[in-house]
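Reading through the structure tokens given below for one structure.
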Amino acid sequence: MRRLSLTLLAIAAVLIATTPATAQKRVALIIGNSTYLHAPKLPNTGNDADAVAILFRDLGFDIVQSFANVPASEMRVRSATFPKQHRAPILQ
């Protein structure tokens, strides 16, 4: 009986060790800016941001928000509030 218990315990340990961890909610904030004060205008940033948003949605991200040509002050606010609104960790 003890041998059977140890065998079952070993099987359970292997199953637990090889089971992938449950991922946290995946969220993405995408900002594509084409206009800057001290740099030439960048072409296609709005389209690029939309393409990245589609890619993230296709990859199964839970929440994807995409914006184009956001002023610096608004970008700072969105970057600060987005994780809090969606209870997401801030990755750096």
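Readers should treat all values here as calculations from the given coordinates under stated rules, not as data from a laboratory. All values derive from a computational prediction rather than experimental measurement. Virtual Cβ from ideal backbone geometry, glycine too; neighbours counted across all protein chains shown.
With a Förster radius of 41 Å applied to the C-beta separation of N69 and Q24, the computed FRET efficiency comes to 0.85. When the label point is put 7 Å from the Cα of T45 along its Cα-to-beta-carbon vector, which residues of segment 51-84 have a backbone N closer than 14 Å? Of the residues in segment 51-84, 67-76 have backbone N under 14 Å from the label point off T45. As a proxy for reagent exposure, ranking S34, S79, S73 by other Cβ atoms within 10 Å from fewest up yields S73, S79, S34. Put a dot 7 Å past the Cα of K84, heading toward its Cβ, do the same for H38, and the two dots end up 3.0 nm apart.
In order along segment 53-67, the phi-based Karplus estimate (6.51 cos²θ - 1.76 cosθ + 1.60, θ = phi - 60°) of 3J(HN,Hα) comes to 4, 4, 4, 5, 4, 5, 7, x, 4, 6, 9, 10, 10, 10, 9 Hz; Gly and Pro are listed as x.
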